[in-house]
Structure formats: structure tokens, C-alpha cells
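Shown next, in C-alpha cells, is the structure this report addresses.
The values are calculated or read from the model by the stated rules, or taken from the named source; none is laboratory data. Computed from a predicted structure; not experimentally measured. Cβ placement follows ideal geometry from the backbone for every residue including glycine, while neighbour counts extend to all protein chains displayed.
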Amino acid sequence: MGVFSALTTAVTGMTAQSYALENISGNIANARTTGYKRIDTTFSDLVPDTALNRQIGGSVAAYSLATNTIQGDLQATRIDTNVAINGDGYFVVDQRASGIGANMQFDGKNLYTRRGDFDFDANGYLVNGAGYYLKGFKIDQTTGQLIGTQPDVIQIAKTQFPAKATTSIEFSANLPAYPKTNNADSTVPGSELLFNPASTFAASYPDSSALSASQPTTVIAGSEVTNFLTRSIEGGSVTVYDPLGQAVSVNLRWAKVDNGNPAAVPPTTGTWQLFVAENTGATGAAQVAYRSAGVNVTFGTTGQLLNPAGGSIQLPQLTIGGTAISTATNPIDLTLGANGLTQNGDVSGLIDARSIRQDGYTAGTLDRVSVNSEGAVIGTFSNGQMVALAQIATARFNADNSLKRLDGGAFEETVESGPPITGLGTSQLVGGNVEQSNTDIADEFSKMIITQQAYSANTKVISTAQDMLSAVFNIIR
């Protein structure tokens, strides 16, 4: 029976090597398939139950050995919606069940893939090259929180992003301790001030609504613009937006009203007033050219801001060019911060505006979509705004190699793999990249040569067993 057993064992060897060659063939065929995970072959000996002194080598069986945990190289594609996982984890995807376009229906079953060559289809869905649709969570644009607890197929609609009225202007600058206005004369004390000690404010500005040096003025009339400009300095300009997204340029001017009081508690070194241009073309006494913010801005001995204590000035109610900018219901705050506005010496005598930024914007349309390292789908709009539109759903498994393989580089959860663990853990997403196949061509060719030799060796065993049987048959001839 030994010769017949040898024949059987050789056949199992040939079968096992054929199985290994099939896996090698598949790996080589998918060497350029995005996200492909090669299948290796492992062999196991099958030993019959015999006495200790009669044990034999036995036959062999071949089994698949998954390599899902071995990452392929990442390759840049320059496509913003392509994304690769650097580390463990899978994208959560779904399949189309029926319908097309707006009537498309999905299976509603979570599948998993490393194939991240996602791109938009005609309906705004992100689908990869194998036809699997990316799943995730929508994001509330107001709160920034995820909507829902179960992932759904991501659909990005190219809708218009609404305009936002300006509510705050961040102003960071240094006001010169001695402003070099057109009226400033170093030989005339106080000539740099808005309130010239040589005359009263009312006399200087008879057509303007004024109080005194100790209280802010209200407006500068058009007939007094020239006089006002010679006693103030340019403070910069910023474009703001009304609730409809209309852009209006707001011009600021600063005027120093006194040089402080060393005896005050705390001592001061200067007080300023902020004016906003309302109608620079105003000419008459009844026309308003500049409007005051109505706040005395006071500095301490080291140039630090003392007043307003909160570091914020509310702009007056303004209508510029027929557009209401700062209103009672939608005021604009000029935020100065603790160190945003200072008063220090400056040889130029001009305002050094370090930063003027505001928070409003006009309406915009979606220009491009990209994915960040945390898996947020970021929309960039034509108005310059960048908004998180959705969060990609990802998952990990305790036993990745026990997932069931499906067509197109997808996997299905099994009892052996365990349930999915939400999130990527320490892994990261890399936008604009895809993961390549983890097949090593050189390694596969080496295994193919070894497999071929093993197969040939088994055929040699069959030939030898046949010769031995022929010798037996020849005995009786």
C-alpha cells in the first residue's frame, strides 16, 4: 500500500501547489490594483493516526493567508477627493442596490475597503473605482456637531453658501504718541490735538455736533471735513458686509484729544477718538461726513490700553452709500484685545496698523472639496470660506485578516473578525493620495519559481511510483 499512498500524497502536493500558483497569479494580476491586499498561501501537513514506530510524512493541504494588515505604498494623485489610510483601518462604504440618479437606492449594509480613489459622480456621491459609495456623517453648519449616529452615504450638494453680515472687526495697531497731523507744529504745544487749546472745539467746528475735549464728539459735518482732516490721521480701511452680502468699505480715522493726566489714577498719557467715514463727499453743514464711535480711548504710562476696559468699541450706527452697515439690531464691534491697540512713540507719527480683519463675507459657491487628516470633508467656497461638510466614517477590526473578501477590494464583517471598532485610533487619513497594492512582484516571482519546482517534484514522485508498480506487474509476466 506504500506505493499507492505515495501516489495519493503526490497528488495532494500537486493540488496544493496548484492552489498556491492560483494565488500567485491573482497577486501578480492585481499588482497595480488600488488598495489590493495580496493572498499568500500556507501549507499544512495531514498525518494519519498510526503507531509511533509506523508514522509517515503524510499528505498536504493548502490554505489562504490574508495580508490585510500589511499596508501598500501611498501614491499622490493630485485629486482632492482621493484619500488613503496611513495605518490601520478601513473606509465604511455601501453598494448601489437599484435605480439611477435621484432615484438611486443603496443596500444599507456597511462594507469596508482600503480603496480610497473616491471621486464625485453626477449626483454628488463619492464613489471609488470599484463602485463602492463612501459613507459618513453630515455636519451641522451652525453647531459643527455630527448629525445622526449611524453613517449614511455622503452626498455633497453644490449649493450656495449664504452670506454673513459683519459683526466684528479685529483691529490691531499702534497709535503714535505724537500724531503728525497736517496741523501739528512742534513749536506749538497741543497743535497735534483735535481740540486745539488755542480755540474751543465749537469755534473750530461750528457746523459739527460737538461737546468738549472730555466727551466724544458726535459727528463731523461736511463743511468741516478739511479742518477735521488736518487734525486727524488715517487709521486704515476694511471691507465689511451687510446681511445680504453686499460689500462696503469702511474707512477709519483717529484723532488725539488730549495728552493725558499724570496725576490721574491711574495716570494717563493720551486720549483718542475714533471716527468712521460715512460720506466723504459731504460738503454742507447739514451733511454728515464722519461719525464718532462715541468712546474715549485712553492709554496708560506704558502705552497700554486703559479704556475701554473691555477692549471693544461698538461702531456707531452707519449708512454708507445707501447700505446700512452697523445698526441697532446688527452692531459691529471693533475688537482691540488686551494688547491689540497700543500708544507708543513712532517717528513717522502715523498709525501702524498691524492687522484689520472682519468676520463677514458675501455668498459663495462650492469651488473644491478636500479631505483632512481627521477625515473631515472640507468645502472651499468662492467667498474664501472653508467649511466642514461631512465626516468620513472609518472602522478597525481586532482580526483584520479574518474579514471576508468581496469583489472590488471590499471586505465584509465575520464572526472571526469581530465587530467594527469606530474610528481610526492613531491612524491618519492622507488626502490627495491612494494606497497601492501590497503585492511585491519580485517576491511573487520567487514564490512562483519555488511553486513550480515543488509541483515538478511531485510529478517526479508519481513517475517513480508508476515505475515501481510497473516492476511489480512485470514479476508475473
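Conditions (1) over 40 Å from the mean Cα position of the chain (by Cα); (2) assigned by TED's automatic domain parsing to the domain that holds THR113; (3) surrounded by 16 or more Cβ atoms within 10 Å (Cβ to Cβ), marked per residue:
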| site | (1), (2), (3) |
| --- | --- |
| ALA16 | yes, no, yes |
| GLU22 | yes, no, no |
| ASN30 | no, no, yes |
| THR34 | no, no, yes |
| THR41 | yes, no, yes |
| VAL47 | yes, no, no |
| ILE56 | yes, no, no |
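Could you look through region 320-345, keep only residues that are in a strand (DSSP E or B) and modelled with pLDDT of 90 or more, and pick out the one that is surrounded by the fewest Cβ atoms within 10 Å (Cβ to Cβ)?
Checking each candidate, the answer is ASN344.
If you take just the strands (runs of 3 or more DSSP E) that sit entirely in region 351-391, which of them hold at least 3 residues that are over 20 Å from THR167 (Cα atoms) and outside the structural domain of ALA173 (by TED's automatic domain parsing)?
Ranges flagged: 366-371, 376-381.
Only one of these is touching a Leu at 6+ places or on another chain (Cβ under 7 Å) and closer than 24 Å to LEU193 by Cα: LEU306, LEU341. Name it.
The match here is LEU341.
Determine, yes or no, whether VAL92 is without any contact (Cβ under 8 Å) to a residue 24 or more places away in the chain and under 18 Å from GLY408 (Cβ atoms).
Here the answer is no, as VAL92 does not meet what is asked.
Yes/no matrix, rows are residues, columns are (1) surrounded by 14 or more Cβ atoms within 10 Å (Cβ to Cβ); (2) free of Cβ contacts under 8 Å to residues at least 40 places away in the same chain:
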site	(1), (2)
PHE381	yes, no
GLU412	no, no
GLU416	no, yes
GLY432	yes, no
SER456	no, yes
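Please state which one of LYS138, LYS158 is touching a residue at least 24 places away in the same chain (Cβ under 8 Å) and part of a strand (DSSP E or B).
LYS138
Does region 216-245 hold any residues that are in a loop (DSSP other than H, G, I, E, B), of a type in the set (D, E, K, R) and touching a residue at least 60 places away in the same chain (Cβ under 8 Å), and which are they?
Answer for region 216-245, where residues must be in a loop (DSSP other than H, G, I, E, B), of a type in the set (D, E, K, R) and touching a residue at least 60 places away in the same chain (Cβ under 8 Å): just ASP242.
If you scan region 254-306, which residues turn out to be surrounded by fewer than 19 Cβ atoms within 10 Å (Cβ to Cβ) and touching a helix residue (DSSP H, G or I) at 6+ places or on another chain (Cβ under 6 Å)?
Correct list: THR283, GLY284, ALA285, GLN287.
Suppose we filter ASP73, ASP40, ASP80, ASP88 for residues that are in contact with a Leu (Cβ under 6 Å, 6 or more places away or on another chain) and within 30 Å of GLN428 (Cα to Cα); which single one remains?
ASP40
In region 119-137, which residues are crowded, with 18+ Cβ neighbours inside 10 Å and either farther than 14 Å from GLY101 by Cα or among the charged types (D, E, K, R) (or both)?
ASN128, ALA130, TYR132, LEU134, LYS135, GLY136, PHE137, listed by residue number.
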